[in-house]
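First up is the structure itself, then whatever we jot down about it.
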Amino acid sequence: MEKENSSFETIVGLQVIDESLYAEYRNAMKDILEQYEGGFRYDFKIQETLKSETKNPINRVFLIYFKNKERKQSFFADPEYKKIREKYFVPSVESTTQIAEYERFLN
């Protein structure tokens with residue numbers, strides 16, 4: 001059951017290997033993300049990882065949100081998004097680590 005004042009959020013760690021190409025990815029996918037009622041709450045460049053449960057290196061951490069889980073799934077399945085991802089994300093990111101995923105209830 002979807003709550004009116006909630007969002008579905010995912011915290012992700014990346015190993016970005018081409019900052020300029022990754023920036024192009026973020027710019028190119030922004031409008032599609034907004035169409036699916038999504039956005040970013042936080043975005044960090046990480047210099048040092050002190051503890052990790054993955055072997056993947058991480059130099060970028062962000063929180064992406066959607067109105068609900070279905071909107072997230074639809075966004076990642078969108079054919080235009082997939083084209084953008086293949087062109088920019090795939091060659092600019094070495095590894096992806098999903099850190100957490102949850103529904104957040106807002107005030």
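The values are calculated or read from the model by the stated rules, or taken from the named source; none is laboratory data. Everything quoted here is computed from the prediction, not taken from an experiment. Glycine also receives a Cβ, built like all others from the backbone with ideal geometry; neighbour counts cover every protein chain displayed.
Could you tell me whether any residue of the stretch 65-75 is buried (at least 17 other Cβ atoms within 10 Å of the Cβ), under 14 Å from the mean Cα position of the chain (by Cα), among the hydroxyl-bearing types (S, T, Y) and not in a loop (DSSP other than H, G, I, E, B)?
Yes: one or more hits.
All but one of (1) surrounded by 13 or more Cβ atoms within 10 Å (Cβ to Cβ); (2) modelled with pLDDT of 95 or more; (3) β-branched (V, I, T) hold for T49, so report the exception by its number.
(2)
Against the condition among the polar types (S, T, N, Q) and touching a residue at least 40 places away in the same chain (Cβ under 8 Å), how does S92 come out, does it pass?
On the way: among the polar types (S, T, N, Q): yes; touching a residue at least 40 places away in the same chain (Cβ under 8 Å): yes.
Answer is yes for this residue.
Each row is one residue, and each column tells you yes or no for (1) acidic (D, E); (2) without any contact (Cβ under 8 Å) to a residue 24 or more places away in the chain; (3) touching a Cys at 6+ places or on another chain (Cβ under 7 Å).
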residue: K30; (1), (2), (3): no, yes, no
residue: E37; (1), (2), (3): yes, no, no
residue: T54; (1), (2), (3): no, no, no
residue: I58; (1), (2), (3): no, no, no
residue: V61; (1), (2), (3): no, no, no
residue: I64; (1), (2), (3): no, no, no
residue: N68; (1), (2), (3): no, no, no
residue: Q73; (1), (2), (3): no, yes, no
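Determine which member of the set Y42, Y36, Y25 is over 19 Å from E80 (Cβ atoms), at pLDDT 95 or above and either out of contact with any His (no Cβ under 6 Å at 6 or more places or on another chain) or surrounded by 14 or more Cβ atoms within 10 Å (Cβ to Cβ) (or both). Walk me through it before giving the result.
Numbers: Y36 fails: over 19 Å from E80 (Cβ atoms); Y25 fails: over 19 Å from E80 (Cβ atoms).
Result: Y42 is the single residue among Y42, Y36, Y25 that is over 19 Å from E80 (Cβ atoms), at pLDDT 95 or above and either out of contact with any His (no Cβ under 6 Å at 6 or more places or on another chain) or surrounded by 14 or more Cβ atoms within 10 Å (Cβ to Cβ) (or both).
Name the residues in the stretch 76-97 that are surrounded by fewer than 17 Cβ atoms within 10 Å (Cβ to Cβ) and in contact with a strand residue (DSSP E or B) (Cβ under 8 Å, 6 or more places away or on another chain), would you?
E94, S95, T96
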